[in-house]
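Peer 1: First the structure, which I've put down as structure tokens, then a few questions once you've had a look.
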Amino acid sequence: MYNFDIEINRKNTNSLKWDFNKERGKDENLLPFWVADMDFKLPDSIIDSLINKAKEGVFGYSDPKIDYYNALIDWYKTEYDVNLDLKNIIVSPSVVFSICTLIKIVTKENDAIIINEPVYYPFKSSITVNNRRPISSDLIIRNDKYVIDFNDFEEKIKNNNVKAYILCSPHNPVGRVWDYDELERIVDICNKYNVFIISDEIHSDFVYNKKFISIAKLNPNNYAIVSGPTKTFNMPGLKISHVIVNDKKLKDDFLTEFDRIGYSQQSIFGLVGALSAYKYGKNWLNEVRDYIYNNILFIEEYLNKYLPKIKFIKPEGTYLIWLDFKEYKLKDKELDDLITNKAKLWLDLGIIFGKSGSGYERINVATNRNLIKKMLDSLYSVFKDL
Ligand SMILES: Cc1ncc(COP(=O)(O)O)c(C=O)c1O
């Protein structure tokens with residue numbers, strides 16, 4: 001049993017979440033619940049493998065060996081019932097890196113790429129920074145559930161001659177875990193219009209009371225999966241991820257992009273951390289997932305009881321929650337001001353995830369319960385009388 005109630009002081013550890021308020025123009029004393037990493041320590045088995053590597057004291061170039069690929073293949077088989085072929089795996093430094101690389105390979109300048117806002121904001125910026133056109137088919141809420149508006153999705157693909165789709169599966173920030181029939185409709189439409197699917201599955205190991213379905217199970221005509229161990233095992237600082245392709249030419253093109261920008265070989269610590277996580281991290285993951293789910297239930301109960309004007313649709317996956325403050329009728333600037341300057345919290349303002357995120361806040365709940373309680377009490381102190 002791991003004790004996730006332990007408060008780990010992450011200040012002065014070079015943590016983006018805890019140590020860079022000043023650099024980002026924020027008050028030093030805000031409690032951070034923004035960037036998606038966890039305030040939990042990994043199990044000793046993973047830490048020890050990194051320490052042992054550090055003790056070797058020589059950190060030359062490295063590459064993944066067969067045991068690395070086998071661990072990944074085993075993970076996909078046991079966790080998602082997907083059979084990976086070793087030759088279709090590319091190890092890359094990060095998921096956003098892989099998204100940008102795929103954008104460059106499968107589309108041309110000025111091509112349209114579709115996304116479903118509100119969505120993880122680097123999707124849009126990866127499109128625009130590469131001089132492509134982002135088109136959003138915004139998610140809609142139907143029966144208290146975020147869903148894709150498939151008529152709008154298809155119309156926008158057709159009318160804008162869309163070439164690629166970045167699917168967020170599970171979806172950050174709304175926490176949907178897509179059902180088989182939803183994925184089937186996505187694939188049907190994308191096949192029909194020859195749209196390349198980039199399926200970002202980095203949150204696939206945080207799914208509650210449901211089974212995650214990888215896009216690989218539906219085998220679209222043209223797709224790639226971008227994912228990695230860094231959310232699952234809280235190691236984004238180790239910079240390691242992977243891409244799954246189903247086409248030799250796509251793999252060759254991806255590797256050529258590596259050459260073009262001068263990238264080769266992963267960090268040895270990324271390889272060691274990921275391998276030992278896939279091999280020995282399962283129990284820890286099961287427990288951390290339960291703990292986080294209980295955080296979500298705790299938040300739900302608290303909000304229902306004390307802050308019923310804040311609307312909350314329980315996420316099916318991810319360790320992020322998406323709170324709706326629209327009943328307060330505040331402008332986003334006013335909402336931000338209350339959260340930052342009154343509640344003294346650093347959350348992610350919904351509007352950064354797209355226009356349809358106006359009036360919302362995203363909160364990272366992968367932290368100890370005590371801090372969750374503090375965050376809720378801070379919200380209560382500001383919003384109770386509004
Ligand atoms: C959907 C999604 N994709 C990608 C990332 C980042 O992945 P990486 O750090 O490997 O670029 C995140 C991080 O929050 C995310 O939520």
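Peer 1: Under 5 Å between amide H atoms, partner at least 5 residues away or on a different chain: which partners does Leu345 have, H built in plane at 1.01 Å?
Peer 2: Leu31, Thr340
Peer 1: List the longest stretch of the chain that has no exposed loop site; here a site is one of the chymotrypsin sites (Phe, Trp or Tyr not before Pro) assigned by DSSP to anything other than H, G, I, E or B, with at most 16 other Cβ within 10 Å.
Peer 2: 62-192
Peer 1: Ignoring GluC sites (Glu not before Pro) that are buried or in helix or strand per DSSP, and keeping those with at most 13 other beta carbon atoms within 10 Å, what is the longest stretch of the chain between them?
Peer 2: Answer from the scan: 110-386.
Peer 1: List residues of segment 62-87, by number, whose backbone nitrogen lies under 19 Å from a label position 7 Å along Cα→C-beta of Lys282.
Peer 2: The answer is 67-84.
Peer 1: Another question, then. Have a look at the DSSP beta bridges in segment 33-163 and tell me what percent are antiparallel, nearest 5.
Peer 2: Of the beta bridges lying entirely in segment 33-163, close to 40 percent run antiparallel.
Peer 1: Can you show me the helix-derived [θ] at 222 nm for the chain, built from DSSP H runs with n ≥ 4 at -39,500 (n - 2.57) apiece and divided by the number of residues, rounded to the nearest 500.
Peer 2: -12000 deg cm²/dmol
Peer 1: Still on this structure, please answer the following. Just rank Asp253, Asp144, fewest to most, by other beta-carbon atoms within 10 angstrom.
Peer 2: Placing the least packed residue first, the sequence is Asp144, Asp253.
Peer 1: What pairs from Lys53/Lys282; Lys210/Lys279; Lys22/Lys53 go past 31 Å between their alpha carbons?
Peer 2: Listed pairs above 31 Å: Lys22/Lys53.
Peer 1: Can I ask one more? Please compute one quarter of the surface area of the Cα convex hull for segment 272-386 and express it in square nanometres.
Peer 2: Over all viewing directions, segment 272-386 projects a mean Cα-hull area of 8.2 nm².
Peer 1: Mark the label point 7 Å from the Cα of Leu31 along Cα→Cβ and return the residues of segment 1-24 whose backbone N is within less than 16 Å of it.
Peer 2: From segment 1-24, the list is 5-11, 18.
Peer 1: On a full-extension model of 0.36 nm per residue, what is the gain between Asp259 and Asp5, subtracting their alpha-carbon distance, rounded to one decimal in nm?
Peer 2: 86.9 nm is the gain from fully extending Asp259 to Asp5.
Peer 1: Could you compute the FRET efficiency for Asn194 and Asp385, with r as their C-beta to C-beta distance and R0 at 56 Å, rounded to 0.05?
Peer 2: 0.55
Peer 1: Report, in whole Å, the centroid distance computed from the Cα atoms of segment 203-224 and segment 102-141.
Peer 2: Each part reduced to its Cα centre gives a spacing of 20 Å.
Peer 1: Hey, another quick one. Pop the C-beta distance of Ser267 and Leu16 into the FRET formula with R0 = 25 Å and round what comes out to the nearest 0.05.
Peer 2: 0.90
Peer 1: I need the peptides 11-17, 370-376, 170-176, 110-116 ranked by packing, meaning the mean over residues of other C-beta atoms within 10 angstrom, with the highest value on top.
Peer 2: The most tightly packed comes first, giving 170-176, 110-116, 370-376, 11-17.
Peer 1: Quick check: residue separation of Lys342 and Leu330 times 0.36 nm, minus the Cα distance between them. What number comes out in nm?
Peer 2: 2.9 nm
Quick note: the coordinates plus some simple rules give every number you see, no bench work behind them. All of these numbers come straight from a predicted model, not from anything done at the bench. Note: ideal-geometry Cβ built from the backbone for every residue, glycine included; neighbour counts use all protein chains shown.
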